[in-house]
1. Take residue 130 and decide whether it is within 30 Å of residue 27 (Cα to Cα) and either assigned to a helix (DSSP H, G or I) or modelled with pLDDT of 90 or more (or both).
2. Restricting to helices (runs of 4 or more DSSP H) lying wholly in region 1-65: which have 2 or more residues that are modelled with pLDDT under 95 and among the small types (Gly, Ala, Ser)?
3. Answer with yes or no whether residue 88 is of a type in the set (Asp, Glu), more than 17 Å from residue 12 (Cβ to Cβ), in the same structural domain as residue 131 (by TED's automatic domain parsing) and not in a loop (DSSP other than H, G, I, E, B).
4. Among (1) within 19 Å of the chain's Cα centre (by Cα); (2) over 30 Å from residue 51 (Cα atoms), there is one condition residue 111 misses while meeting the rest; what is its number?
5. Quick check: anything in region 134-143 without any contact (Cβ under 8 Å) to a residue 40 or more places away in the chain, in contact with a helix residue (DSSP H, G or I) (Cβ under 8 Å, 6 or more places away or on another chain) and surrounded by 12 or more Cβ atoms within 10 Å (Cβ to Cβ)?
Amino acid sequence: MNLLGKSLPPLASLLPFEAAARLESFSRAADELHITQAAVSRQIRGLEEDLGVALFDRRNRAVFLTPEGRQLRLVVNAALNQISSVAESLRGAARRHQVVLLSQLCEAFYWLMPRLSRFHQRHPDIEIQVVTTTQPLTEFGGHFDVALH
């Protein structure tokens, strides 16, 4: 039996909570998340009802974290940072099949381009990004994996 789903708060409410806690404003959180202030307020109200505690003190159009809110913010920030880190790592692994190839403009146009479609047919999992320059390759300051010289 999976008890994790029963003990977790509504996950959709964690991003609005994190943004509102960090920005100390439901309105600014709404702007950042591209949703309405009312949606942020509803998500946080639902989170508070689910947990049975107030997470924010609401005073004169300002919001402040309660001790319980500060406790949750620490855990939510750590969890979201960890998820973000793993997601970025996975995205990086997916991009490892991309090769940035640097070439002189003429070589790319006359020699490389006619051959790229055949390469792609043989290696469909490798994405080639061609970067061209008119300056000497040794003077190129950008990122590339291989150079055609």
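The values are calculated or read from the model by the stated rules, or taken from the named source; none is laboratory data. All values derive from a computational prediction rather than experimental measurement. Glycine gets a Cβ as well: all are built from the backbone with ideal geometry, and neighbour counts include every protein chain shown.
1. Numbers: within 30 Å of residue 27 (Cα to Cα): no; either assigned to a helix (DSSP H, G or I) or modelled with pLDDT of 90 or more (or both): yes.
Judged against the criteria, residue 130 is not a match.
2. Qualifying helices (runs of 4 or more DSSP H): 4-7.
3. No: the conditions fail for residue 88.
4. (1)
5. No.
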